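Participant: Okay, handing you the structure first.
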Amino acid sequence: MPVAIITGASRGLGRALAAELAGRGWSLVLDGRDAAALRAAAAQLERGAGGGAAGDTGAVVRAVPGDVTDAEHRAALVAGAVALGGVDLLVNNASALGAEPLVPLAELPPAGLRRALEVNVTAPLALVQEALPALRAASGAVLNVSSDAAVEAYGDWGGYGASKAALDQLSAVLAVEEPSLRVWAVDPGDLRTELYAAAVPDDPDFDARTLPEEVAPVLLRLLERRAASGRYTASGLRGA
């Protein structure tokens, strides 16, 4: 049974990806800072609720609450996955905005930018490093959740976009350095999530935005097709 680590899995896209994988028989190690929400999500997934069918497939779901910027927590995530059989997939989904709501660069607190870089860039790389022996053994995959703000110049999105652009570059270089792995940077589009609502609380189109449950199976086409390493968008995967 394959095993995945998913960060930021108590809600939103991470939760939706977890439900999809659990329904396909994957065992999961889930990360999130909200311990109660994370444990509730894990319990639902093991019962087969919330879009997956874990209860029918025998998937095992482990909640490991904590902050991805903490080294001991990252080690616990990898140890939990190895205890279940290894690391076939690492999903770096946890993200920080840098400011809530987003603000222009002239107003972005340096501490906020540091937090965005720590969560969105440093922690994913550190988690990859922690998991690398298990990923290599499994010829596994890394899915780094990016953003269109990494490649487009949107007002107010400068700090967050810069962190995601750095994550894209790390993904590209990792793919070159680790050819036995598949490394994907994926832009899911603007989703109807708490993170997006915190970023742009007055968005008049929020209720029309795509739900994470709709985009999760689209992103997992990368797994189904054993797609080559690279940068992908949800819209491109839909059209392919």
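Conditions (1) of a type outside the set (A, V, I, L, M, F, W, C); (2) closer than 19 Å to residue 6 by Cβ, marked per residue:
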{"position": "65", "(1), (2)": "yes, yes"}
{"position": "73", "(1), (2)": "yes, yes"}
{"position": "82", "(1), (2)": "no, yes"}
{"position": "89", "(1), (2)": "no, yes"}
{"position": "98", "(1), (2)": "yes, no"}
{"position": "110", "(1), (2)": "yes, no"}
{"position": "116", "(1), (2)": "no, no"}
{"position": "130", "(1), (2)": "yes, yes"}
{"position": "138", "(1), (2)": "no, yes"}
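For every residue, the table says whether it meets (1) out of contact with any Leu (no Cβ under 7 Å at 6 or more places or on another chain); (2) free of Cβ contacts under 8 Å to residues at least 12 places away in the same chain.
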| position | (1), (2) |
| --- | --- |
| 74 | no, no |
| 85 | yes, no |
| 92 | no, no |
| 96 | yes, no |
| 100 | yes, no |
| 109 | yes, yes |
| 122 | yes, no |
| 127 | no, no |
| 131 | no, no |
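Participant: Can you tell me how many residues within segment 117-137 are surrounded by 18 or more Cβ atoms within 10 Å (Cβ to Cβ) and either farther than 17 Å from residue 26 by Cβ or in contact with a Gly (Cβ under 6 Å, 6 or more places away or on another chain) (or both)? If you could, list the steps in order and put the result at the bottom.
Facilitator: To start, the set of residues in segment 117-137 that are surrounded by 18 or more Cβ atoms within 10 Å (Cβ to Cβ) comprises 117, 119-121, 123-124, 127-128, 130-132, 134-135.
Now restrict to residues that are either farther than 17 Å from residue 26 by Cβ or in contact with a Gly (Cβ under 6 Å, 6 or more places away or on another chain) (or both): 117, 119-121, 123-124, 127-128, 130, 132, 134.
Count: 11.
Participant: Select, from 105, 89, 77, 167, the only residue that is over 20 Å from residue 234 (Cα atoms), among the hydrophobic types (A, V, I, L, M, F, W, C) and surrounded by 18 or more Cβ atoms within 10 Å (Cβ to Cβ).
Facilitator: Working: 105 fails: surrounded by 18 or more Cβ atoms within 10 Å (Cβ to Cβ); 89 fails: over 20 Å from residue 234 (Cα atoms); 167 fails: over 20 Å from residue 234 (Cα atoms).
Sole residue among the options that is over 20 Å from residue 234 (Cα atoms), among the hydrophobic types (A, V, I, L, M, F, W, C) and surrounded by 18 or more Cβ atoms within 10 Å (Cβ to Cβ): 77.
Participant: Here's another thing I want to ask about it. What are the residues in segment 150-208 that are aromatic (Phe, Trp, Tyr) and either assigned to a helix (DSSP H, G or I) or modelled with pLDDT under 95 (or both), if any?
Facilitator: The initial filter retains those residues of segment 150-208 that are aromatic (Phe, Trp, Tyr), namely 154, 157, 160, 184, 196, 206.
Hits for segment 150-208 are 160, 196, 206.
Participant: While we're here: State yes or no: is residue 240 over 21 Å from residue 160 (Cα atoms) and either modelled with pLDDT under 95 or hydrophobic (A, V, I, L, M, F, W, C) (or both)?
Facilitator: Details: over 21 Å from residue 160 (Cα atoms): yes; either modelled with pLDDT under 95 or hydrophobic (A, V, I, L, M, F, W, C) (or both): yes.
Against the criterion (over 21 Å from residue 160 (Cα atoms) and either modelled with pLDDT under 95 or hydrophobic (A, V, I, L, M, F, W, C) (or both)), residue 240 qualifies.
Participant: So residue 99 ticks every box in (1) buried (at least 20 other Cβ atoms within 10 Å of the Cβ); (2) farther than 21 Å from residue 220 by Cβ; (3) under 18 Å from the mean Cα position of the chain (by Cα) but one. Which box is left unticked?
Facilitator: (3)
Participant: So for segment 223-232 (the condition being within 14 Å of the chain's Cα centre (by Cα) and in a loop (DSSP other than H, G, I, E, B)), does at least one residue qualify?
Facilitator: The answer is no, given that none of the residues of segment 223-232 is within 14 Å of the chain's Cα centre (by Cα) and in a loop (DSSP other than H, G, I, E, B).
The values are calculated or read from the model by the stated rules, or taken from the named source; none is laboratory data. The structure presented is a predicted model; accordingly, all values stated were derived computationally and were not measured. Here the Cβ is made from the backbone with ideal geometry for all residues, glycine too, and neighbour counts use every protein chain on show.
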